[in-house]
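The values are calculated or read from the model by the stated rules, or taken from the named source; none is laboratory data. Computed from a predicted model, the values in this text were never measured in an experiment. Quick reminder, even Gly has a Cβ in these numbers, built from the backbone with ideal geometry, and neighbours come from all protein chains shown.
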Amino acid sequence: MAGPVSDNGLKSALFRREREATWKKLQDLLARIERNGIKSASAQELHDLPILYRATMSSLSVARSISLDRNLLQYLESLAARGYFCVYGARATFAETLKAFVLVDLPEAVRAARWFIALSTGLFFLGTALGWLLVALESDWFYALVDPGLAAGRDPDASRAELQETITDDGGGLTDLLIAFASFLFTHNAKVALACFAFGFAFGIPVVYLLFTNGLMLGAFCAVFAGRGLGLDFIAWILIHGSTELAAIILSGAAGFLIGQAVGFPGRLKRRAALAVKGRQAAIIALGAVGMLFVAALLEGFGRQLITDTAWRLTIATVALAFWIAYFSFSGRPRR
C-alpha cells in the first residue's frame, strides 16, 4: 500500500490486513480519476466508487474508536477526503454548467415565473400608455416625467428636424465613441434591472414604482416623437434594442416580485425556506437578464446607430423578440 501505515501493535497489523485491499482499490481508482477525469472510470467502477468510499469511512470510524496509530489514521483521513470530493464534488466543467444554465435552468425559471412576468409587463406598458396620453394632452407633463439629462434635447421644444437627427445620426463613424456609449447604456440599464431585483425584499412595492415610472418615461418620449410625425421611426429606433432590453427589465421585475412573494407570502414554508427557494429562482432570472442587457447594449450602441433604415430596425426588433419568446417558451423542455 502506498500510504504510510504503522506496523506498531498487533491491532493495527490485523486491522490493516483485513481491510487493506479495499483501501488500495479505492486509492488506485481515485488516482486514475484525479489524473484522467471521471470519464476514465468504467460503469462498474463508478458503481463501486461510493461502496468503496463508505467502506473506507467505516474503517476510519473504527480506527478512531479503537485508537490505532496516528499514521494509519492520517492515511485513512486523507483517502476519505479524496473519496468525498470525488463522490460528492462537482463533476461538471464550467462550460457544461454554463450550457445547462442557458439551455435549461434559465428558461425553466422564466416559465415558472410567467404570472409575475405578466404582472411586470402590464405595469410597464400601463405606465407607457399613461405617459403617452398625458404628454399628448399637455406637453408640459414631459418635464415632470422625464429627467432633462436623459432627454438630451429630445423634448417638446425640439423641432421635427432636430428630433429626426437624434434617431438617424450614424455616429459619424466614430467607433470608439459608440463603444463608450454602449458601455454607459449597459451600466445604466443593468442598474435599473438589478434594482428591480434587489428591491423585491421590500415586499415588491419599489418594483411596482420602478416599472411604472420607466414606462411613463417611454410613453412621454413616444408622445413627443409622434407629435412630430416620427412615431414609427422612434419606435423602430427604440425597439432595435428595446425588444431585448425591455424584456430584460421586465424579467428583473418578475424576479423582484418572486423575492417579494417569499418575504410577504411564504405560504406553508418558513420565510427563510421560502427565500431560499424563490431566491434561487429569482437569481437565475436576474443573471439571465444581465446577459440580455449585454446583448441589448451592443444593439443599442452599434446597431441602433449604424442601421438607420426604419424597416431594417423593425425587422431586427421583430426577429429578436421572436427569438426570446421561442427561447423562453421551448428551450429546456423534456423531450417526449
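With the structure loaded, tell me whether Ala109 is modelled with pLDDT of 85 or more, within 30 Å of Val277 (Cβ to Cβ) and among the small types (Gly, Ala, Ser) or whether it fails that test. Here the answer is yes, as Ala109 does meet what is asked. Which condition number in (1) free of Cβ contacts under 8 Å to residues at least 12 places away in the same chain; (2) in contact with a Phe, Trp or Tyr (Cβ under 7 Å, 6 or more places away or on another chain); (3) basic (Lys, Arg) is the one that Arg272 fails? Every condition holds for Arg272 apart from (2).
Would you call Leu298 at pLDDT 85 or above and either surrounded by 23 or more Cβ atoms within 10 Å (Cβ to Cβ) or within 26 Å of Ile167 (Cβ to Cβ) (or both)? No, not satisfied. Inspection of region 35-55 finds no residue satisfying the criterion of being small (Gly, Ala, Ser), at pLDDT 80 or above and under 30 Å from Ala248 (Cα atoms). Just checking, does region 276-292 include any residue being in a helix (DSSP H, G or I) and under 29 Å from Leu134 (Cα atoms)? No, there is no match, as no residue in region 276-292 is in a helix (DSSP H, G or I) and under 29 Å from Leu134 (Cα atoms).
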